[in-house]
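Visitor: The following block contains the structure, expressed as structure tokens.
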Amino acid sequence: MFNIKNIKVKDIMTRNVITAKKDESVIEAFEKMLKYKISSLPVVENNKVIGIVTTTDIGYNLIKDKYTLTTTVGEVMTKNVVTINEDASILEAIKKMDEYGDKDEIINQLPVVDKDNNLVGIISDGDIIRALSKIIR
């Protein structure tokens, strides 16, 4: 019988991560997320995750006119980013997504890091659902 604990994050994560820099504008970051149809951007410096921004956060605040044309990603990013190691199981990823979400929400994406804390991928709730779907077919 197949054991879900044997599926590693690195087996199902997206490897070519679209990222942002802290000095890019929130408008550039939002356009990037729309272009690539993604809902978050890890913010990196020297391949280390220093923050994360989401389409929900940026889009909502753009609509409310809370940002100017010069507002940068570094000014608005979430700095305490929950990450996961590439060798962790997807069960650990699911637990983190649930445990660290706000109130009744989950985290939809986790940046994936290696043993040196370098960004090597990103795993989403969709990646996990697709992997589980293949098991139950």
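A short reminder: the numbers here are calculations on the coordinates, not readings from a lab. From a predicted model like this one, the values you see are computed outputs, not experimental measurements. Note: ideal-geometry Cβ built from the backbone for every residue, glycine included; neighbour counts use all protein chains shown.
Visitor: Based on the Kirkwood radius over alpha-carbon pairs, what value in µm²/s does the Stokes-Einstein equation return for the translational diffusion coefficient of region 4-135 at 4 °C and 1.567 mPa s?
Guide: 85
Visitor: So, one more: Could you give the length gained by full extension between Val82 and Ile135, i.e. 0.36 nm per residue of separation minus their alpha carbon distance, to one decimal place?
Guide: Gain on stretching Val82 to Ile135: 16.4 nm.
Visitor: At most 14 other Cβ atoms within 10 Å and a DSSP loop assignment: could you name the chymotrypsin sites (Phe, Trp or Tyr not before Pro) in region 5-106 that fit?
Guide: Sparse-neighbourhood loop chymotrypsin sites (Phe, Trp or Tyr not before Pro): Tyr100.
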